[in-house]
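Heads up: the structure comes next, in structure tokens.
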Amino acid sequence: MKAMVLSAPRELALGEVARPQVGPGQVLVRVTHTGVCGTDLKIFSGAIPVRYPRIMGHEMIGEVADSGDSDFKAGDRVIVDPELFCGACFHCRVGQTHLCPKGMLLGRDANGGFAEYLSAPAGQVFHLPKSIESRTAPLIQVLTTCLHSQRLVNIFPGESVVVLGLGVTGQLHVQLAKARGARVIGVTRSAAKRELAQTLGADMTFAGGEGAIEKVREVTEGRGPDMVIETTGVLSALSDAVTMVRFGGRILMFGIITATEGKLPFYQLYFKELALINGRVAKPEDYPNSIDLVERGAVRLAPLVSNILPLGELPAAMSMLGSDDGQRMKIILEHN
């Protein structure tokens, strides 16, 4: 089969590789569309080490080519959960499969979706309704991570929620918080992304930077929002969240912060009695719920796709991700 093979950092080319075998309890999927993620860029650049050669890609949909011993049928449209787990360890037994110490990510620890075919455990393959467009469906994998994180916190109708950063995940958090009845405020420096957030349900938006904290306080009766969802992964933004949120408020740390040191207003964490919650990836049960949200129209994916490219243009997609374009959103690869 054809696949985009990473043979070393930044050495990516279309090649011929063996088609995956279907073992017991597995399904063979003919991949039709994949999303390109920042994690893929880090693997491509060598920032995340992998064993070579490696086929990247963890946001994939397709059609069942071989159902093996499962209840799927050939031709079924499906999405694949890329988070593999052992099923036997303590974390798996208590329902924390996403924290499995033996867990692997397809596209990083095993070959992923930038290929014609992919094999995956049948329990991590989910039916896709016909009403969900293939060119947007890979974004459901991203949505599951946002939904999983929001499930860790209580958002009550009428509460004020600020989303810091309005990239793809920020826009998904805006829609999820709105679906839970919150009054949603988006904050980013990008005027285009502020406008998009308002079309997707944000009640108001403000430009990031100096003055944003004061503006948010002004529209939250001077006390600050009930919750801040930080999606940028920048330590200074987390510091802003601590300062911005009300006394007794909650902060959802969704952005992946890789800094190993930095400054935070630690006394405010104590004095304001804040709750900091961190979400990591997703669990299989997040997929049916995410699919339902999209099918019902509670979450819109199409406005978040900015580029659609053929699979062979993956190197160009890597270059696009690596450039400083504040307007770009999700890149989707078509395999046909």
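The values are calculated or read from the model by the stated rules, or taken from the named source; none is laboratory data. Since we're looking at a predicted model, the values are computed, not measured. Reconstructed Cβ throughout: ideal geometry from the backbone, glycine too, with neighbour counts over all protein chains shown. Accessible surface is based on the protein model in full, side chains and every heavy atom, while ligands, DNA and RNA are left aside. Shrake-Rupley method; radii C 1.70, N 1.55, O 1.52, S 1.80 Å.
Entry comment: accessible area of the chain is 45 Å² per residue, from protein heavy atoms only and a probe of 1.4 Å. Residues whose amide H comes within less than 5 Å of that of GLY279, counting only those at least five positions distant or on another chain, are MET253 (H built at 1.01 Å from N in the peptide plane). Taking θ as phi - 60° and the Karplus parameters 6.51, -1.76 and 1.60, the scalar couplings of the range 297-308 work out to x, 5, 10, 9, 9, 3, x, 8, 9, 9, 9, 10 Hz in sequence order, x denoting glycine and proline. Of the trypsin sites (Lys or Arg not before Pro) found in the range 274-336, the ones in coil according to DSSP and having at most 11 other Cβ atoms within 10 Å of their Cβ are ARG296.
Remark: spin-label model distance PHE271-LYS130 equals 6.1 nm, labels positioned 7 Å along the Cα→Cβ axis.
Shown for the range 209-335: the carbon plus sulfur share of the solvent-accessible area, taken with all protein chains present and a 1.4 angstrom probe, equals 50%. The structure-derived value of Cα Rg over 2.2 N^0.38 Å appears in the list (i) 1.01; (ii) 1.14; (iii) 0.95 under the label (i).
Per 0.36 nm of contour for each residue apart, how much would the distance between ALA191 and ARG280 grow if the chain were fully extended, relative to their Cα-Cα spacing?
Contour length minus Cα-Cα distance gives 29.1 nm.
Taking a ≥ b ≥ c as the square roots of the Cα gyration tensor eigenvalues, with a/c under 1.5 meaning rounded and otherwise prolate when a/b beats b/c, else oblate, which class fits the range 43-142? The shape class here is oblate.
Would you work out if the range 264-312 is rounded, prolate or oblate? Take a ≥ b ≥ c from the square roots of the eigenvalues of the alpha-carbon gyration tensor; rounded if a/c is under 1.5, else prolate when a/b is larger than b/c, oblate otherwise. It is prolate, given that a/c is not under 1.5 and a/b is the larger ratio. The portion of the accessible surface of the range 1-140 made up by carbon and sulfur, rounded to a whole percent, is 51 (1.4 Å probe; DNA, RNA and ligands excluded). Under 5 Å between amide hydrogens, built in the peptide plane, is the criterion, and for LEU128 it picks out ARG77, VAL78, ILE79 among residues at least 5 positions away or on other chains.
Classify the range 287-329 from the C-alpha gyration tensor, please: rounded if a/c falls under 1.5, else prolate or oblate depending on whether a/b exceeds b/c. Prolate, since a/c reaches 1.5 and a/b exceeds b/c.
Computed from the C-alpha gyration tensor, the three semi-axes of the ellipsoid equivalent to the range 83-190 are 29, 19, 14 Å, from longest to shortest.
Based on Cα contacts under 8 Å between residues 6+ apart, the chain shows a relative contact order of 18 percent.
Here the Karplus relation 6.51 cos²θ - 1.76 cosθ + 1.60, evaluated at θ = phi - 60°, turns the backbone of the range 85-101 into coupling constants of 8, 7, x, 10, 6, 3, 4, 5, 5, 9, x, 9, 4, 6, 10, 4, x Hz, with x for every Gly and Pro. Comparing HIS91, HIS148, HIS33 in a Gaussian network model of the chain, where Cα atoms under 10 Å apart are tied by springs, the biggest mean-square fluctuation is seen for HIS91.
Mean 1/r over all different Cα pairs, inverted: what Kirkwood radius does the range 249-336 give, in Å? Mind showing how you got there, number by number?
Working: mean 1/r = 0.0581 Å⁻¹.
After inverting the mean inverse Cα-Cα distance, the result is 17.2 Å.
List the residues whose amide H sits under 5 Å from the amide H of PHE206, counting only those 5 or more places along or on another chain, with H placed 1.01 Å from N in the peptide plane. Placed amide hydrogens put GLY186, VAL187, THR188 under 5 Å from PHE206. For the chain, what is the calculated [θ] at 222 nm in deg cm²/dmol (nearest 500), taking -39500 (n - 2.57) for each run of four or more DSSP H residues and dividing by its residue count? When only DSSP H runs of four or more count, the value is -7500 deg cm²/dmol.
Between GLU218, GLU295, GLU83, the residue with the greatest mean-square fluctuation in the GNM of the chain (Cα pairs under 10 Å linked by springs) is GLU218. Phi-derived couplings, Karplus 6.51 cos²θ - 1.76 cosθ + 1.60 at θ = phi - 60°, listed residue by residue for the range 322-336: x, 7, 8, 10, x, 9, 5, 10, 7, 9, 10, 9, 9, 9, 6 Hz, with x used for Gly and Pro. Its Cα centre serving as origin, the range 203-326 has a Cβ charge dipole (Lys and Arg +1, Asp and Glu -1) of approximately 320 debye. Here the label points at GLN327 and ASP71, each 7 Å from Cα along the C-beta direction, are separated by 4.8 nm in the simple model. Go ahead and collect, in residue order, the members of the range 218-257 whose backbone nitrogen is under 11 Å from a label point 7 Å along the Cα-Cβ direction of MET204. Answer for this model: 218-222.
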